[in-house]
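First the structure, in the form of structure tokens, and then the observations on it.
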Amino acid sequence: MSRTDWTRAEVEAIVEDYLSMLASELSGTPYNKAAHRKALRPLLDSRSDQSIEFKHANISAALLDAGFPYINGYKPRSNYQTMLAEVVVDRLARSPELMAIAAADADRPTAVPEVDNILAILAVPPASRLDSRTASEPGPHAVRLPTNFIAREARNQSLGHAGELFTLNYERARLIHEGRESLAAKIEHTSRVRGDHEGFDILSFETSGAERLIEVKTTRYGGDTPFFVTRNEVETSGRHASRYHLYRLFAFRQAPRLYTLAGAIETTCHLSATTFLAAPK
């Protein structure tokens with residue numbers, strides 16, 4: 001074993017500490033990352049701050065690949081080992097309290113958060129974690145949980161509705177800031193006015209007056225969290241690629257951020273099938 005290899009005892013210690021912080025984050029309980037690190041150090045073999053940060057990032061990736069939320073701020077790094085994935089999933093399997101906290105958080109009704117400067121929330125889209133792999137291959141050591149909490153949160157209608165209302169506020173502010181108050185007044189909440197079958201949620205405008213079709217995807221989790229799209233949304237984005245924009249709201253719990261992807265979803269995203277329509281042969 002090289003000096004850089006982590007022992008199983010070290011991995012178990014840092015996973016235990018990480019999940020403790022995650023439980024606090026999901027339940028809305030304040031915690032101090034520096035204090036956790038100080039308490040963790042005696043359990044590790046003189047690991048550097050950089051080594052600990054990398055391991056935290058590996059844990060985030062293992063959780064995300066398992067369909068579980070990760071700590072916002074510990075950006076996932078996918079080059080983790082089999083032992084880490086095994087420890088993470090084993091620890092989750094023995095943590096009914098944490099699973100219950102995650103379930104409650106995924107299902108929690110959501111209000112529209114208030115921000116001081118809504119136009120300042122714009123962020124750069126995250127770099128792909130998949131590299132040369134396909135979206136159906138989250139990682140060579142990925143282990144799935146019986147419940148996919150990322151999918152469970154995505155089904156939270158209250159969260160989705162709050163994200164759409166927040167985006168309406170953002171679009172109005174964007175156009176007013178550009179001196180196009182008349183266009184801001186014409187923005188339509190399409191999913192409410194026409195229904196969910198249109199393939200987008202909001203009809204907004206460019207400053208030129210051209211239409212901007214916006215599909216909103218919202219999560220309380222970090223920016224690397226994958227999202228779910230329907231066949232209709234994919235097809236609509238392809239037909240209207242020049243007007244189509246996907247708005248990804250993340251960290252929606254208290255300090256929302258937003259990145260946008262313009263064009264056909266098949267062009268801007270890695271796609272993988274999550275369900276299949278089957279009929280007897």
Item to check | Positive-end residue of Ile214, Ala185, Ala279, charge dipole of segment 171-281 with Cβ unit charges | outcome: Ala279
Checklist outcome for this item: Sorted by chain and number, the residues with a modelled amide H under 5 Å from that of Phe205, at a separation of 5 or more or across chains, are Arg212
Item to check | Cβ-based exposure ranking for Ile14, Ile52, in which fewest neighbours within 10 Å come first | outcome: Ile52, Ile14
Checklist entry - Out of residues 5 or more away from Tyr244 or on other chains, whose amide H comes under 5 Å of its own, with H placed 1.01 Å from N in the peptide plane? => result Leu213, Gly263
Item to check | Percent RCO, i.e. relative contact order, over the chain, from Cα pairs under 8 Å lying at least 6 residues apart | outcome: 16
Checklist entry - Expressed as a whole number of Å, what is the distance separating the alpha-carbon centroids of segment 8-23 and segment 161-222? => result 41
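As a footprinting exposure proxy, order Phe166, Phe228 by other Cβ within 10 Å, with the fewest listed first.
Values: Phe166 25, Phe228 12.
In order of increasing Cβ crowding within 10 Å: Phe228, Phe166.
How big is Rg to Rh over the chain, alpha-carbon atoms, Rh as the Kirkwood inverse-mean-distance radius? Let's see the in-between values first.
Working: Rg = 20.5 Å, Rh = 20.4 Å.
Looking at the chain, the ratio lands at 1.01.
Give me the net charge of Val234's neighbourhood, meaning all other residues with Cβ under 14 Å from the Cβ of Val234; Lys, Arg count +1, Asp, Glu -1.
Numbers: positive: Lys217, Arg231, Arg239; negative: Glu198, Glu215, Glu233, Glu235, Glu266.
Charge balance near Val234 sits at -2.
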Checklist entry - What residues qualify as long-range amide H neighbours of Leu271, i.e. H under 5 Å apart, gap of 5 or more or another chain, H built at 1.01 Å from N? => result Ala135
Next on the checklist: Could you work out [θ]222 nm for the chain from helices alone, using -39500 (n - 2.57) per DSSP H run of at least four and dividing by all its residues? Round to the nearest 500 deg cm²/dmol.
Outcome noted: -12500 deg cm²/dmol
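Which of the residue pairs Lys186/Lys217; Lys33/Lys217; Lys38/Lys217 have a Cα-Cα distance greater than 26 Å in the structure shown? Kindly include the intermediate steps, with their values, before the conclusion.
Numbers: Lys186/Lys217 22 Å; Lys33/Lys217 29 Å; Lys38/Lys217 37 Å.
Check vs 26 Å cut-off fails for Lys33/Lys217; Lys38/Lys217.
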Item to check | Per-residue Cβ neighbour rank within 10 angstrom, fewest leading, Met83, Met21 | outcome: Met83, Met21
Checklist entry - Of all DSSP beta bridges in the chain, what percent run antiparallel (nearest 5)? => result 60
Checklist outcome for this item: With +1 at each Lys and Arg Cβ and -1 at each Asp and Glu Cβ, the charge dipole magnitude of the chain around its Cα centre, to the nearest 20 debye, comes out at 140
Checklist entry - Short version: ³J(HN,Hα) in whole Hz for each residue of segment 198-205, in order, from phi by Karplus 6.51 cos²θ - 1.76 cosθ + 1.60 (θ = phi - 60°), x for Gly and Pro, what are they? => result 6, x, 7, 9, 9, 9, 10, 9
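Just so you know, all these numbers are worked out from the coordinates, no wet-lab data involved. Source: prediction; values computed, not measured. Backbone-built Cβ (ideal geometry, glycine too); neighbour counts: all protein chains shown.
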